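This report concerns only the one structure given below.
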């Protein structure tokens, strides 16, 4: 292992060695091209169709942009690693990758929370919807979501970079804060406290989403029209939330703790949040929202 007594002496970080590279390369390339295709298709469709310039579709567009942003921090480097004999990444490159993936996860959760607020107002306060959720409100919510994610990620990276590392090999196919800080020479108590604070924020966001949907369900069960609206606009959002929380929960839990499973299984589970949400988010909405489905079919 390469020792780093301080940041100035930081050398390359060695990632986990990858076997069966040709198979993984083909599968990863297909997955990444699929992610780019489905997300760009939805983004372009929403931008070009004036009838889709509604808050719900604008939030969905932001979700797809975030999907492209987050996966750009992983797939290009991973595909290059699959063509190399040794999987290494520079010290700066490792923290850059960490920042992109980290902020993408934060932005995904905050965007889903904003979307739940939009659905709550649309279904529970329909007469006031266009008064409350104005174009200015949409811009402010999106700006808040992205600024919160980017600024919070900057703090997390700053807290991690300040700590000297005594090792250079991480047992993962991409960089993240827990994997890097396992080689910390000093105490990482502050980093762990910050991580727990963010978990608390996510729990509060999740509680708000649950509260919103409790109100939405109570409103929708009162009428057939409400149930149809719930199925068309809320079910895709709920599926997106469940998928995102499921695939990120494991990686978050095992990141700071030693989980008794094989390394390959841990990596396979950890990378799911870079595969499933970016693919399924646009597909779920594209298949369930008839306005988008109709617009895509017209373009094709």
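Within the range 165-185, how many residues are over 20 Å from the mean Cα position of the chain (by Cα) and at pLDDT below 85?
Total satisfying the criteria: 5.
Please list, ordered by residue number, the helices (runs of 4 or more DSSP H) wholly in the range 63-143 having 2 or more residues that are more than 30 Å from residue 20 (Cα to Cα).
91-124, 129-132
Mind checking whether some residue in the range 114-130 is within 20 Å of residue 151 (Cβ to Cβ) and at pLDDT 90 or above?
Yes, because at least one residue in the range 114-130 is within 20 Å of residue 151 (Cβ to Cβ) and at pLDDT 90 or above.
Could you list, in sequence order, the residues of the range 162-183 that are over 22 Å from residue 78 (Cβ atoms) and surrounded by fewer than 16 Cβ atoms within 10 Å (Cβ to Cβ)?
Result: 162, 166.
Taking the range 253-287, which residues are surrounded by 15 or more Cβ atoms within 10 Å (Cβ to Cβ), modelled with pLDDT under 65 and either in a helix (DSSP H, G or I) or under 16 Å from the mean Cα position of the chain (by Cα) (or both)?
Answer for the range 253-287, where residues must be surrounded by 15 or more Cβ atoms within 10 Å (Cβ to Cβ), modelled with pLDDT under 65 and either in a helix (DSSP H, G or I) or under 16 Å from the mean Cα position of the chain (by Cα) (or both): 254, 255.
Counting only residues that are more than 17 Å from residue 110 (Cα to Cα) and at pLDDT 90 or above, which one in the range 192-207 is surrounded by the fewest Cβ atoms within 10 Å (Cβ to Cβ)?
In this case the residue turns out to be 193.
I need a count of the residues in the range 165-201 that are in contact (Cβ under 8 Å) with a residue 12 or more places away in the chain, closer than 25 Å to residue 70 by Cα and assigned to a helix (DSSP H, G or I).
Adding up the residues that qualify gives 11.
Just checking, which of 58, 44 is part of a helix (DSSP H, G or I) and buried (at least 18 other Cβ atoms within 10 Å of the Cβ)?
Exactly one residue qualifies, and that residue is 58.
Test residue 150 against the stated conditions and say whether it is in a helix (DSSP H, G or I), touching a residue at least 12 places away in the same chain (Cβ under 8 Å) and surrounded by fewer than 19 Cβ atoms within 10 Å (Cβ to Cβ).
Yes; evaluated as a whole, the condition is true for this residue.
Got a number for residues in the range 1-38 being modelled with pLDDT under 85, part of a helix (DSSP H, G or I) and within 24 Å of residue 177 (Cβ to Cβ)?
3
Quick one: residue 210 ticks every box in (1) over 16 Å from the mean Cα position of the chain (by Cα); (2) within 29 Å of residue 283 (Cα to Cα); (3) at pLDDT below 85 except a single one, so which number is it?
Checking residue 210 against (1) over 16 Å from the mean Cα position of the chain (by Cα); (2) within 29 Å of residue 283 (Cα to Cα); (3) at pLDDT below 85, the one that fails is (3).
The values are calculated or read from the model by the stated rules, or taken from the named source; none is laboratory data. Please read these numbers as outputs of a predicted model, since none were measured by experiment. With ideal geometry, Cβ positions are generated from the backbone for all residues, glycine too; neighbour counts draw on all protein chains shown.
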